[in-house]
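One structure is given below, encoded as structure tokens.
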Amino acid sequence: ETSFESGGERSGITNRSSKVLLKGMRYDELEKWVHSHGYRPGQALMLWKRIYGNGIWAHHSDQLEGLNKDFKKMLSESAEFKALALKQVITAADGTRKILFTLEDGLVIETVVIPSVASDSRSRNTVCVSSQVGCAMNCQFCYTGRMGLRRNLTAAEIVEQAVFARSLFTSEVGDITNVVFMGMGEPLQNIDNVLKAADIMLHDQGLYFSPRKVTVSTSGLVPQMRRFLKESNCALAVSLNATTDEVFTFILFELANHMYMWIEEHTCTHSHGGITFAQTSHLQVRNWIMPINRKYKLDLLLQTLREELRFKNNYKVLFEYVMLAGINDNVEDAKRLADLVQGIPCKINLLSFNPHSGSQFRPTSEEKMVEFRNLLAELGCRVFLRSSRGDDQMAACGQLGNPDVVQAPL
Ligand code: SF4
């Protein structure tokens, strides 16, 4: 049975040769560790700035210019600078880069760098980081979900994706300004390491991302979401994707389509323009497309947000809504969606579905997405259409995790 609660523990403090992982420590932890080896806090700060500071991003003790010789020697003997090994960079036609990293145990993860399309002050370059190898959530529209979960990433493995994004691409695309935890995995199933990684990314002497520009996404793990909202100031995205819970829709959807195909076959009637029963049924189902909903229903998810957001100033949650033709994109859905988010300070992003091999869904047409957006806007929602980036190289939303790559031996 799928476990939604735990992604498998991993200490993440040391590597296999028992060296301490520098990027797995918050600043105060690094300071203590440095002190425990007989060095001053000032040296911890100099080290921190060299690991995370602009233009240095030290990956090795040789790159620690200006640090005391003994301190460097101690670091080379007791500490590991790198948690990831760069395997490959693939560039999509629109400039999106997919980076493949090999982990210490041979598994492979993917990170995506999405360069800004604007060249003015609104310019924002985003790195999309993975938080797990694979994912246990099994969302039906997602390629990563088909891999199952191999393990949680450590904080060091998460942080280093952002460091690599800056060190590899700043000179090409400009500063990496935004981080989204929307790569492989359900971030909140690995909440301890995700909160730690986010803290490290925010530190003002290091990577110094703004909390509102670090967005953690969830498929709807309610208790962990509550904890995240209490403990973090980073932005939250909730992957919503449906407006009803109904249990039997999947069965009806399948039955209706089988019946339809049978009638087509046996009566030789002509096609009805590709319209299936499912498209006309008005039955949608979050239980089906996002199995986590069987445990934490829409009502509970949204009520939790309503309650928790009361304690946060000037904070909006981002709802992500992947549009699937005939499944969640009709007028009734738009009306229900507007109702559901009532009372929750929020924005809604409508995303086009990125097809992948073997997927049973089709993307909603652009025209229909615009109609859906307009209707939501008329109903008072702040809503945006987001274009897909990097889809020709399987670097777009829901396309990460080539099973051939990530199933490398342990
Ligand atoms: Fe996991 Fe996110 Fe894919 Fe769902 S959409 S299976 S939570 S990676």
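The values are calculated or read from the model by the stated rules, or taken from the named source; none is laboratory data. Since we're looking at a predicted model, the values are computed, not measured. Cβ coordinates were reconstructed from backbone atoms using ideal geometry, including for glycine residues, and neighbour counts include every protein chain displayed.
Within the set G220, G206, the sole residue that is surrounded by 24 or more Cβ atoms within 10 Å (Cβ to Cβ) and either closer than 14 Å to N54 by Cβ or within 16 Å of the chain's Cα centre (by Cα) (or both) turns out to be G220.
Residue-by-condition table, conditions (1) of a type in the set (D, E, K, R); (2) surrounded by 15 or more Cβ atoms within 10 Å (Cβ to Cβ):
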site: G42; (1), (2): no, no
site: W48; (1), (2): no, yes
site: G55; (1), (2): no, no
site: A58; (1), (2): no, yes
site: K72; (1), (2): yes, yes
site: I90; (1), (2): no, yes
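Pairs meeting the criteria (first residue in segment 12-32 and farther than 18 Å from Y52 by Cα, second residue aliphatic (A, V, I, L, M) and in a helix (DSSP H, G or I), beta carbons under 7 Å, at least 6 apart or on different chains) are G12/A155; G12/A156. Within segment 337-348, being crowded, with 19+ Cβ neighbours inside 10 Å and in a strand (DSSP E or B) holds for C346, I348. Figure legend. Inter-residue proximity from segment 87-115: first residues small (G, A, S), second residues in a loop (DSSP other than H, G, I, E, B), beta-carbon distance below 7 Å, spacing 6+ or different chains. Indicated pairs: A92/G390; A92/A395; G95/P115; G106/A408; G106/P409; G106/L410. Within segment 223-233, being surrounded by 21 or more Cβ atoms within 10 Å (Cβ to Cβ) and among the aliphatic types (A, V, I, L, M) holds for one residue alone: M225.
Residues in segment 166-194 that are in contact with a Ser or Thr (Cβ under 6 Å, 6 or more places away or on another chain) and aliphatic (A, V, I, L, M): 5 in all. One residue stands out among those in segment 350-376 that are in contact with a Leu (Cβ under 8 Å, 6 or more places away or on another chain) and either in a loop (DSSP other than H, G, I, E, B) or in contact (Cβ under 8 Å) with a residue 60 or more places away in the chain (or both): the one that is nearest to N313 (Cα to Cα), which is F353. When segment 146-168 is filtered for residues that are in contact (Cβ under 8 Å) with a residue 40 or more places away in the chain, within 16 Å of the ligand (Cβ to nearest atom) and either within 16 Å of V214 (Cα to Cα) or not charged (D, E, K, R) (or both), the ones remaining, listed by number, are M147, L149, N152, L153, Q161. The requirement of being in a loop (DSSP other than H, G, I, E, B) and either near the ligand (Cβ under 9 Å from one of its atoms) or out of contact with any strand residue (DSSP E or B) (no Cβ under 7 Å at 6 or more places or on another chain) (or both) is not satisfied by S116. In segment 141-181, of all residues being within 14 Å of the chain's Cα centre (by Cα) and either assigned to a loop (DSSP other than H, G, I, E, B) or basic (K, R) (or both), the one that is modelled with the lowest pLDDT corresponds to Y143. With respect to the conditions (1) within 19 Å of N15 (Cβ to Cβ); (2) modelled with pLDDT of 90 or more, A44 lacks only one, and its number is (1).
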